[in-house]
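The values are calculated or read from the model by the stated rules, or taken from the named source; none is laboratory data. Given the structure is predicted, the values throughout are model-derived calculations rather than measurements. Heads up, the Cβs are rebuilt from the backbone with ideal geometry, glycines too, and the neighbour counts pull from every protein chain shown. All accessible areas refer to the heavy atoms of the entire protein, side chains included, with ligands and DNA or RNA removed. Shrake-Rupley method; radii C 1.70, N 1.55, O 1.52, S 1.80 Å.
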Amino acid sequence: MTDVSSRPTATRPTARLALLVASGAAFMSFLDLSVVNIAFPAITRDYPHTAATTLTWVVSGYAVAFAALLTPAGQLADALGRGRVFLSALGGFALTSLLCALAPDANWLIAARFVQGGAAAFLIPAGLGLVLSVTPPERIGAAMAAWTAAGGFAATVGPAVGGALVDWFGWRSVFVVNVPIAALLLLAGLRLATGDQRHGDGLPDLAGTVATGLGIGAIVAAVTEGQQWGWTDWRTLTVGVGGAIALAAALWRSRRHPRPAIAVGLWRSHSYALVNATAFVFGAAMFAWLLAGPLWLDGIWHYSVLKSAGAMTIGAVASMVTAVLAGRAPAGRQRLLGILGAVMFAASTLYMSTGVWDATPALWQAWVPAGLLGGGGIGLLITVLGTTAARSLPPQRFAAGVGMNVTARQSGGALGIAVLAAVFAADPGAPLTAFHTLFAVCAVIALAAALLAAVPTRAEEVPA
C-alpha cells in the first residue's frame, strides 16, 4: 500500500487541506456503516418479500467489497496518483450512494452497496496516503490522531444522525445525505490533484484481488444461506469450499507477487499478525452486535426509530470515551486494556443472552449497563489494536499497516453478519431465542479475541 518514505515538501495550508478533506471522507465512509444499521429495520419493512438473510447483504456486501479492495486500492493510488484516485473515489462514492437511494428493489440496493463499499475502499488508503505524503514529519502524529478521531466520531454520531434521517425522511435519506457531503469535499480537494506524484512501480495484482473478493464473499454467502440451503447441501458446500480455495489462491499469489492483493509481507511481524487475527475475530462479534441492537429495539421492544437511535448512542459515546482513555495510556498498559475491552464486551453480550433481556422494555435495567460495557469494550480494544499495529511496523509501512488492520476487521465483520443471518434463519418463529443465541455466540467470539489479545508477543519488525 502507500509508502511514505519519500515525502515531498508541502506548505502547511496544503497539508491542512489534505487532512481536512481526508478526515471528512473517512468520517463519511465510516458513518455509512453505523447509519445503515439504524436504517436496516426500515429497509426490511420496505422489502417484505425479500428474506431477512438476503437483506443482510446490504450490510455485509459493503464490508466484503471494502475488505477485498483496500490493499490494492492503496497500491493503485500510488501508481496513478493519490490525489487523482482520492477525488475519483469521492465522486464514485457520491454516485453509488445515489444509486442506493434510488434502488427500486432489494437486489438493486445490494448491488449498489457492493459498489459503494468498493468506492469507500479507495477513499481510505488514498486519503491517508495523501495526508502522510504532504504532512511534515513532526506533525504526522497529530495528523493521524485527527484522521482516526474522524472515524471514531462517525461511529459516535452515527446512530443519532441515522435515526433522525430515517424518522424524518425515510431510510433512503441515509444514502442521499452522502451526495452533498462528497460534493463539498470534492470541491474543497480539487487542489490536491495539482502536481500529483506517482510513487508506485506498477498496478496491483488484479487476479489476486478478484480471488480475494470472491473468496471472502463466497464464505460469507455459505454461512449466510447455509441455514436455508442446508449445511450439507451441495450449494452450501460448493460455495464454501470454493470460497476457501479462492482465498487460499489469493494468499498464495500474495506471497509471490510484487504488488499483492493481501499485504501478507506485513505478517512477518509476530505482533502485527496477532493484532490482525484479533481484529478479525473481534470484528465478527462487533459487527453482529451493532446490527443486532437496532433489530432488537425495533422487533422486540418496538421502539421508534428516534428512540432506538438514542439508545444506540449510549454504547457509541461509551466507545468514544474509552477510546480516548486507551489512546492516552502508556504503551506498557495497552495489552491489558485490550484484554479488558474484549472481556467487557463478552460480559455485555453474555448478559444480553440471559432471561433478563425479554420482551418487556428495560432501558435502564438492561440496555444502559450492556451498552456501557459493550461500547466501552469496543473503544478500548479497537484503539489498542490500532495503536499496536502502528508500533509493530516501521513508519514507512504505517499506511499499509492501518489498511490491513481495517481489512481484517471488515472481513471478520462480514462473517459476523453472516452468522447473525444464519442464527435468525434457524429460529424464524422464535426471535427472542434467536437473539439470545446470537448474543451468546458473540460472547464466545469476544472471549476468543481476549485470549488472542493475551498472547505474548516478541519484538520483531518488518523490513522497510
Gap in Å between the Cα centre of the stretch 300-369 and the Cα centre of the stretch 72-138?
30
Residue span Leu206 to His49: 0.36 nm per residue of separation minus Cα-Cα distance leaves a gain in nm of 52.8 nm
If you rank Ser304, Ser254 by how much accessible surface each has, with a 1.4 Å probe, what is the order from largest down?
Ser304, Ser254
Over the chain, the sum of -39500 (n - 2.57) across DSSP H runs of at least four, divided by residue number and rounded to 500 deg cm²/dmol, gives at 222 nm -26500 deg cm²/dmol
Which entry in (i) 41, 29, 19; (ii) 49, 27, 21; (iii) 32, 24, 23 matches semi-axes √(5λ) of the Cα gyration tensor in Å derived from the coordinates of this structure?
(iii)
Rounded to a whole number, what % of the accessible area of the stretch 18-62 do carbon and sulfur atoms account for, probe 1.4 Å?
67
Would you give the gap between the C-alpha center of the stretch 419-441 and the C-alpha center of the stretch 225-285, rounded to a whole Å?
25
Would you kindly derive the ³J(HN,Hα) couplings of the stretch 72-80 from the backbone phi angles with the Karplus curve 6.51 cos²θ - 1.76 cosθ + 1.60 (θ = phi - 60°), listing them in order in whole Hz, with x for Gly and Pro?
x, 5, x, 5, 5, 4, 5, 6, 9
Given the whole protein assembly as supplied and a 1.4 Å probe, what does the accessible area of Arg172 come to in Å², nearest 10?
80
Potential lengthening between Arg84 and Val324 on full extension [0.36 nm per residue; Cα-Cα distance subtracted]
83.1 nm
What is the gain in length, in nm to one decimal, between Ala440 and Val176 on full extension, counting 0.36 nm per residue of separation less the C-alpha to C-alpha distance?
91.4 nm
Going highest first, how would you order 309-318, 224-233 by mean Cβ packing within 10 Å?
309-318, 224-233
Residue-level accessible surface for Trp108, protein heavy atoms, 1.4 Å, Å²
120
Accessible surface of the stretch 238-353 [probe 1.4 Å, protein heavy atoms]: carbon and sulfur percent
70
Going by the alpha-carbon gyration tensor, a ≥ b ≥ c the square roots of its eigenvalues, is the stretch 306-368 rounded (a/c under 1.5) or, if a/c is not under 1.5, prolate (a/b greater than b/c) versus oblate?
oblate
Just want the answer: with Cβ charges of +1 for Lys and Arg and -1 for Asp and Glu, which residue in Ala207, Ala279, Leu187 is farthest toward the dipole's positive end in the stretch 163-294?
Ala207
Of Arg82, Arg409, Arg391, Arg328, ordered by accessible area with the largest first and a 1.4 Å probe, the sequence is Arg328, Arg391, Arg409, Arg82
Which ³J(HN,Hα) values in Hz, rounded to whole numbers, follow from the phi angles of the stretch 290-299 under the Karplus curve 6.51 cos²θ - 1.76 cosθ + 1.60, where θ = phi - 60° and Gly and Pro get x?
5, 7, 5, x, x, 5, 5, 4, 7, x
Which value, in Å², gives the accessible area per residue of the chain when a 1.4 Å probe is used on the protein heavy atoms?
39
Heavy-atom accessible area with a 1.4 angstrom probe orders Ser269, Ser34, most exposed first, as Ser34, Ser269
What is the distance, in nm, between label points placed 7 Å from the Cα along the Cα-to-Cβ direction at Asn107 and at Ala430?
3.5
How many nm is it between the label spots at Ala142 and Trp234, if each spot is 7 Å from the Cα in line with the beta carbon?
6.5
